[in-house]
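Heads up, the thing below is written out as structure tokens.
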Amino acid sequence: MADKGSPLARGGIHPIHAFLLAASVPLFLGALLSDWAYSSTYEIQWTNFASWLVAGALVFAGFALLWALIDLLRADRSWRGTPLIYFVALLAAWIVGFIDALVHAKDAWAKMPEALILSFIVTLLAVIALWLGFSTWRAGDAK
């Protein structure tokens, strides 16, 4: 049984935080697929898609990062381990995503293969952050 006074027993991740966290993953994935399509077809519009998808993902990930920071600062110090790892993974995803956005600002083919590699890394980091975020705050976790 979970202790109702425990911060872990608050019923899981907040739905808005979950939405913000989950919304960035398909956008980063879409940017990865757009970069891959551009490297295969050389159609310039794919780079425009990727640039906008990365920008949108950074907006959602930024708000999720802010929410995670506030939750981390308000948390009891005894359970900061996994939420801290989640915050660091989300921060790493945002930083690599920002660098990816800067690389996407280059001229068409000048961004390849850096944009494709960075899009893969940021997508992987976003998926890891998503997994950690949804598995971190569960009701009834053991102390």
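The table that follows gives values for the structure above.
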quantity	calculated
Selection status of residue 93, closer than 14 Å to residue 133 by Cα and in contact (Cβ under 8 Å) with a residue 60 or more places away in the chain	yes
Matching entry among 38, 86 (being touching a helix residue (DSSP H, G or I) at 6+ places or on another chain (Cβ under 7 Å), within 16 Å of residue 126 (Cβ to Cβ) and touching a residue at least 40 places away in the same chain (Cβ under 8 Å))	86
Within the stretch 26-60, tally of residues that are in contact with a Phe, Trp or Tyr (Cβ under 9 Å, 6 or more places away or on another chain) and open to solvent by less than 50 Å² (accessible area, probe 1.4 Å)	15
Options 100, 107: the member that is open to solvent by less than 30 Å² (accessible area, probe 1.4 Å), under 22 Å from residue 35 (Cβ atoms) and not basic (Lys, Arg)	100
Selected residue (criterion: surrounded by the most Cβ atoms within 10 Å (Cβ to Cβ)) from residues of the stretch 115-137 that are over 19 Å from residue 81 (Cβ atoms) and of a type in the set (Val, Ile, Thr)	122
Residues of the stretch 46-83 that turn out to be part of a helix (DSSP H, G or I) and without any contact (Cβ under 8 Å) to a residue 24 or more places away in the chain, as a count	13
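The values are calculated or read from the model by the stated rules, or taken from the named source; none is laboratory data. All values reported here derive from a predicted model rather than from experimental measurement. Heads up, the Cβs are rebuilt from the backbone with ideal geometry, glycines too, and the neighbour counts pull from every protein chain shown. The protein model used for the area step is the full one, side chains on, heavy atoms only, and it has no ligands, DNA or RNA in it. Shrake-Rupley method; radii C 1.70, N 1.55, O 1.52, S 1.80 Å.
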